[in-house]
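Single-structure report; data block below.
The values are calculated or read from the model by the stated rules, or taken from the named source; none is laboratory data. Being a predicted model, the structure only gives us computed values, none of them experimental. Glycine gets a Cβ as well: all are built from the backbone with ideal geometry, and neighbour counts include every protein chain shown.
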Amino acid sequence: MTRYSAFGLLTKALGGHAGWSRAWRDPEPRPAYDVIIIGGGGHGLASAYYLAKEHGITNVAVLEKGPIGLGNTGRNTTIVRSNYLMPENNHFYEWSLKLWEGLEQDLNFNVMMSQRGVLNLFHSDAQKHAAARRGNSMRLIGVDAELLDRDGVRAMAPMLDFDNARFPVMGGLLQRRGGTARHDAVAWGFARAADRLGVDIIQHCEVTGIRREGGRVTGVETTRGPIAAGKIGMAVAGNTSRVAAMAGLRLPIESHVLQAFVTEGLKPLVDTVVTFGAGHFYISQSDKGGLVFGGDLDGYNSYAQRGTLQMVEHVFAAGVAMMPCLSRLRVLRQWGGVMDMTMDGSPLICRTPVEGLYLNGGWCYGGFKATPGSGWCFAHTIANDAPHRLNAAMTIERFRDGHLMDERGAGPWPWAQ
Amino acid sequence: MHLIDCPWCGPRDEAEFTYRGDATVARPAADGGIDAFYDYVYTRANPRGWHTEWWHHSGGCRQFVKVVRHTMTHAIAATGKASDTLPVPVEQAPAERVPGA
């Protein structure tokens, strides 16, 4: 498979773009692999890529029930950041952001990584103190964070309603290295790069059972026949409970639906990522010009990839309170994605009580930005049968043992995380 | 949108309710031990299918309503009082069956 380059693009363009070869193979599943990754989203593909690249394990299959990248990888608001308070989260997401920063060169694929900044607004003294504390926590471990005053925010985002009677903008916490990336390209880039290293990406192959012998996995049942493997990694956020149930596991996860929206295309209006501090609302502008935004979960258990109008109204109300000019826009598209909501709002990358079975899930709202870091840590965990220090705290046992990673401190209510 | 039949008020819009989660978990005895409390507080079956759950009629009569609702179709099969035992329908379509369950 040839490397992509500007010269290659030019020559192919002169040839009428007729000479492109497919980006990854479409292999038949073999009877056995060293490692099977269940789930061909960003996390599963990244895991397979780093298994091959960092650990030399290339006899790997990624099994995906449909086409790759059509689950939550294609349903998020594409925000990338590492502005967390808790050290366990902060170190992990910062490593992920560093991988993002070199991802295009590493994968030889344009993922349209745009470090346009992520700006979290605050509207009260209490929120300002919380933002300063989080910013300090970030700077203590070397992550960039700036506390902007009102004028600093106005210079970056003049379209906000600074003098909202109830929620005037007092300032914001800015991470300049944060931004957005093209979500589909992330799946395609990892798929192509993993395929080049020998990984089999098998689409339209749904796992229907997990084979075990004496407390250890031996393979999977699929819609295309049984496949043997000594190690199996699950990367199926949204459906983690269902796949884990095939191995007899019951997890601290509920599936909830989260909606997102895109407006008609506009000239450049929002050239950063802005989040509202007085309601749950986050917005950025895609390169095509549409404003991409989202808000809260619908708030009840659901596997349906759609939400209710009540939440549409709630999200729009928050958006218009922050940016009144939104009220004149038409929304072109709306969709829902199914989130693995854990009981503390933080993810799981760990071994499981079943030997040879590994878990990557519980991403709540935050899976997209974690994609490279999650794959990197999951590959390390699978290859060494032990976690890396970056994901050592992301265990199932933390709930039983009282070591929660409760970034928001919202209690054991998955819909409140 | 869900239309939830409150046993006290009749059919009401979802917007009047606050979701309160899985109604099948039961609090263990005080001396039940750490594992029993772990299961009670944290682990959930999280089915793709019929789910028995609590909806608090917070914007109405403020009673807790038990609801049997499908997490894929959002259909509601039954509602009742907190003390009611509600029948859970058997899945019909194979596509809706939870594999391995």
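Quick notes on this structure:
- Test: residue in segment A:38-53 that is touching a residue at least 40 places away in the same chain (Cβ under 8 Å) and over 22 Å from the mean Cα position of the chain (by Cα): no
- Residue match in segment B:21-34 (condition: more than 10 Å from chain A (Cβ to nearest Cβ) and either in a strand (DSSP E or B) or touching a residue at least 24 places away in the same chain (Cβ under 8 Å) (or both)): yes
- Selection of segment B:4-20 for residues being more than 11 Å from every other protein chain (Cβ to nearest Cβ) and not in a loop (DSSP other than H, G, I, E, B) yields B:Asp5, B:Cys6, B:Gly10, B:Pro11, B:Arg12.
- Residue within segment A:124-135 that is without any contact (Cβ under 8 Å) to a residue 12 or more places away in the chain and surrounded by 16 or more Cβ atoms within 10 Å (Cβ to Cβ) present: yes
- Selection status of B:Met72, surrounded by fewer than 17 Cβ atoms within 10 Å (Cβ to Cβ) and within 14 Å of another protein chain (Cβ to nearest Cβ): no
- Test result for A:Leu70, at pLDDT below 95 and among the hydrophobic types (A, V, I, L, M, F, W, C): yes
- Subset of segment B:35-54 that is in a strand (DSSP E or B) and facing chain A (nearest Cβ under 8 Å) - its residue that is surrounded by the fewest Cβ atoms within 10 Å (Cβ to Cβ): B:Glu53
Per-residue answers, yes or no, for (1) more than 13 Å from chain B (Cβ to nearest Cβ); (2) over 17 Å from the mean Cα position of the chain (by Cα):
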{"position": "A:Asn239", "(1), (2)": "no, no"}
{"position": "A:Ala244", "(1), (2)": "no, yes"}
{"position": "A:His256", "(1), (2)": "no, no"}
{"position": "A:His280", "(1), (2)": "yes, yes"}
{"position": "A:Gln285", "(1), (2)": "yes, yes"}
{"position": "A:Asp298", "(1), (2)": "no, yes"}
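- Test result for A:Gln305, within 14 Å of another protein chain (Cβ to nearest Cβ), surrounded by fewer than 24 Cβ atoms within 10 Å (Cβ to Cβ) and touching a Gly at 6+ places or on another chain (Cβ under 8 Å): yes
- Looking across segment A:153-168, the residues that are free of Cβ contacts under 8 Å to residues at least 60 places away in the same chain and in a loop (DSSP other than H, G, I, E, B) come down to A:Pro158, A:Phe162, A:Asp163, A:Ala165, A:Pro168.
- Just one of the listed residues (A:Thr263, A:Thr218) is within 30 Å of A:Ala157 (Cβ to Cβ), in a strand (DSSP E or B) and more than 14 Å from every other protein chain (Cβ to nearest Cβ), and it is A:Thr263.
- Test: residue in segment A:358-373 that is farther than 30 Å from A:Asp163 by Cβ and over 16 Å from the mean Cα position of the chain (by Cα): yes
- Residue within segment A:193-206 that is polar (S, T, N, Q), assigned by TED's automatic domain parsing to the domain that holds A:Ala370 and in contact (Cβ under 8 Å) with a residue 24 or more places away in the chain present: yes
- Within segment A:309-340, the set of residues being small (Gly, Ala, Ser), in contact with a helix residue (DSSP H, G or I) (Cβ under 7 Å, 6 or more places away or on another chain) and buried (at least 16 other Cβ atoms within 10 Å of the Cβ) comprises A:Gly319, A:Gly337.
- Residues that are of a type in the set (A, V, I, L, M, F, W, C), outside any loop (DSSP other than H, G, I, E, B) and touching a residue at least 60 places away in the same chain (Cβ under 8 Å), drawn from segment A:274-325: A:Val274, A:Val292, A:Phe293, A:Leu297, A:Ala321, A:Met322, A:Cys325
Listed here are the residues, each with its yes/no results for (1) surrounded by fewer than 24 Cβ atoms within 10 Å (Cβ to Cβ); (2) part of a loop (DSSP other than H, G, I, E, B); (3) in the same structural domain as A:Lys53 (by TED's automatic domain parsing).
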position	(1), (2), (3)
A:Cys350	yes, no, yes
A:Leu359	no, no, yes
A:Trp363	no, yes, yes
A:Cys377	no, no, yes
A:Arg389	yes, yes, yes
A:Met394	no, yes, yes
A:Glu407	yes, yes, yes
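- If you go through segment A:81-106 and keep only what is under 17 Å from A:Val118 (Cβ atoms) and acidic (Asp, Glu), you end up with A:Glu94, A:Glu101.
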